[in-house]
Amino acid sequence: MKTASVLLIISLLFSTCKPKDPVAVSEELSDEFGTPTLTRVQPDNILNECSGIADSQKQPGMIWAHEDWGSVENLYLLNRQGAIMGSIKMPFNSYDWEDMAVGPGPQANESYVYLAAIGDNSSLEDVKNIYRFVEPANLNTQVTSFDQIRFRYPDGSFDAEVLLLDPLTRDIFIVTKWTPKGHIYRLRYPQSTDPNVVTTAEKVGEMTIGGDLTGGAVSVTGREIIVRGYTGIYYWKRTPEQSIGEVLRQAPAKNLPYTPEPQGEAVTFDREGKGYFTLSERRSAPFINLHFYPRK
């Protein structure tokens, strides 16, 4: 067989076997979402202060969750029916964890949990922390090692509750709370994990919205972004050429459906692109519900 023919056959094999570009998947998905299903989170006396959730990439059908300031230093796992399956003790302080993400990190083909200790009600703390560790494969997995990403803002101290991990670049974005327009900061990959180094985050702009911004999420494809508050959920689409900072400087493409919660702070996309989840602090309510808004 001639060399040219062999090369042609190999080329055809690769072209037909090449996996579909995951970034293109969201272009085929509707940006319309429907009425949510509600499932009661049980037991009722756990996750009273839920502040962040993220869909697991290693345990399909499961969602990670955490509480915020003053709570037990646990990472909780619940299923889509709202049942809390258990928890894993974290080896670091739980000072004001406010949001989380699951996605890529320094090791290829591995998923990581990012826990953001970025809350600061008095806006007085100079240094904030993001903890990164390999996503546990099950509840028997102990988290014994982690990276600590220490940073400060270039222009003051702020309270923040929105963490956005870009799965395309592995950059981390933080959005402030209670500012009239949300300030957007970037920690470029690779982030320093030297415990003696405090990185100055890069301010990349301001949003057209602000105030009570309490959580955020980026889809697995990197093509959709959600930022939520107590009373609304805002949605953007993104092209591969745009950075998350560029997108967030634009007005939201739309407001998504939202059923009021006692104090809604947590949001995450379904890992398969089927919709998004929200969860709330309990406050004075007898229980909380896991809300799932399906894509139409």
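With each label modelled as a point 7 angstrom along the Cα→C-beta vector, the Asn121-Thr169 pair spans 3.4 nm. Net charge in the neighbourhood of Ile209 (other residues with Cβ under 15 Å of its Cβ; Lys, Arg +1, Asp, Glu -1) is +2. The packing ranking, built from the mean of other Cβ atoms within 10 Å per residue, places the peptides 282-292, 157-167 in the order 157-167, 282-292, highest first. Among 213-223, 179-189, the peptide with the highest mean count of other Cβ atoms within 10 Å heads the list, and the full ranking is 213-223, 179-189. Across the chain, Cα pairs under 8 Å and at least six residues apart give a relative contact order of 19 percent. Distance from the alpha carbon centroid of the stretch 146-181 to that of the stretch 242-296 works out to 18 angstrom. The residues packed around Tyr189, meaning those with a beta-carbon under 10 Å from its beta-carbon, carry a net charge of +1 if Lys and Arg are +1 and Asp and Glu are -1. Full extension of the chain between Gln42 and Ala83 gives 14.2 nm of extra length, using 0.36 nm per residue less the Cα-Cα distance. Can you bin the stretch 64-115 into rounded, prolate or oblate? Criterion: square roots of the alpha carbon gyration tensor eigenvalues sorted a ≥ b ≥ c, rounded for a/c under 1.5, prolate for a/b above b/c, oblate for the rest. Cα axes put the stretch 64-115 in the oblate bin. About the centre of its Cα atoms, the stretch 26-294 shows a dipole size close to 240 debye [charges on the beta carbon of Lys, Arg (+1) and Asp, Glu (-1) only; nearest 20 debye]. Spin-label model, Asn255/Tyr95: points 7 Å from Cα along the beta carbon direction are separated by 3.7 nm.
Taking the helices alone, the chain has a mean residue ellipticity at 222 nm of -2000 deg cm²/dmol, built from -39,500 (n - 2.57) per DSSP H run of at least 4 residues and averaged over all its residues. Positive end of the dipole of the chain (Cβ unit charges, origin at the Cα centre): among Pro252, Ile88, Cys50, the Cα lying farthest that way belongs to Pro252. Relative to the current alpha-carbon distance between Thr144 and Glu241, full extension at 0.36 nm per residue lengthens the span by 31.2 nm. Suppose R0 equals 51 Å; then what is the FRET efficiency for Ser284 and Asp194 from their Cβ-Cβ distance, rounded to the nearest 0.05? Working from the Cβ atoms, E equals 0.70. When you restrict to C-alpha pairs under 8 Å that are six or more residues apart and normalise by the size of the stretch 124-265, the relative contact order lands at 19 percent. Pairs over the 25 Å Cα-Cα cut-off, from the set Lys128/Lys254; Lys177/Lys237; Lys254/Lys274: Lys128/Lys254.
Quick one: grab the alpha carbon gyration tensor of the stretch 26-294, order the square roots of its eigenvalues as a ≥ b ≥ c, and give me rounded if a/c is under 1.5, else prolate or oblate depending on whether a/b is larger than b/c.
Details: a/c = 1.26, a/b = 1.08, b/c = 1.17.
Because its axes are fairly even, with a/c under 1.5, the stretch 26-294 counts as rounded.
Just so you know, all these numbers are worked out from the coordinates, no wet-lab data involved. In this text, all values refer to a predicted model and were calculated from it rather than measured experimentally. All Cβ positions, glycine included, derive from the backbone under ideal geometry; neighbour counts span all protein chains shown.
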